[in-house]
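Written out below as structure tokens is the structure these notes cover.
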Amino acid sequence: MKINLSSKISKMINNDEINVTIEFSNQNNEIKEFIKYINDYEINSNKKIIVSKDYELLEIKFEDIILFYSDKKNNYCRTKNGEYKIKSKLYEIEKMNINLIRISKSCIVNVNHVENFYVGETGKIIVRLDDNTEEIVSRRKLRDVKNYLNERSI
């Protein structure tokens with residue numbers, strides 16, 4: 001039996017339209033994951049978040065955000081251009097994009113900005129980000145981070 005699947009992805013980049021057609025004879029998990037990846041890419045690439053800095057509201061794309069963190073009852077995000085205050089809760093943000101992973105109670109990183117993971121002298125896993133900063137993975141989140149890395153084969 002032959003199954004034809006056609007998936008249309010529209011993205012507003014210079015008014016171009018991307019059409020993807022996938023044809024396969026047997027539907028297996030790899031094909032399902034590939035289709036899910038394409039659909040998630042469209043959804044996540046268009047997401048933006050409203051932030052504030054010095055009483056000014058700005059709109060930032062998720063892909064530009066390096067990490068989200070909490071400090072003194074407020075939540076912030078950090079980009080290469082600076083740090084911004086956000087109104088959203090961290091638990092809400094972590095569900096908004098598949099490229100976000102919580103590494104501690106107060107920190108969520110964007111895996112697209114991770115340079116590497118390494119084990120420090122004390123045995124803690126440390127995340128080095130592309131803005132030359134480092135964050136420590138908490139003990140409670142070690143299993144989640146390891147599972148995430150295994151799923152992505154990183």
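Each value in this text was obtained by applying a stated rule to the coordinates, not by laboratory testing. Given the structure is predicted, the values throughout are model-derived calculations rather than measurements. Ideal geometry is used to build each Cβ from the backbone, glycine not excepted, and the neighbour counts take in all protein chains shown.
List of remarks:
- Region 69-150: GluC sites (Glu not before Pro) in DSSP loop, at most 14 other beta carbons within 10 Å: 94, 121
- Distance violations [Cα-Cα > 18 Å] among 61/85; 61/87; 105/141; 85/141; 61/141: 85/141; 61/141
- Taking Cβ atoms as reference points and 11 Å as the exclusive limit, the residues near residue 116 contribute a net charge of -2, counting Lys and Arg as +1 and Asp and Glu as -1.
- Taking other C-beta atoms within 10 angstrom as a stand-in for reagent exposure, 57, 67 fall in the order 57, 67, fewest first.
- Between residue 130 and residue 47, the simple spin-label model (points 7 angstrom out along Cα→Cβ) gives 1.8 nm.
- A simple rule links phi to the HN-Hα coupling: the Karplus curve 6.51 cos²θ - 1.76 cosθ + 1.60 with θ = phi - 60°, which for region 95-109 gives 8, 7, 8, 6, 8, 9, 9, 7, 10, 7, 4, 10, 8, 10, 10 Hz, with x for Gly and Pro.
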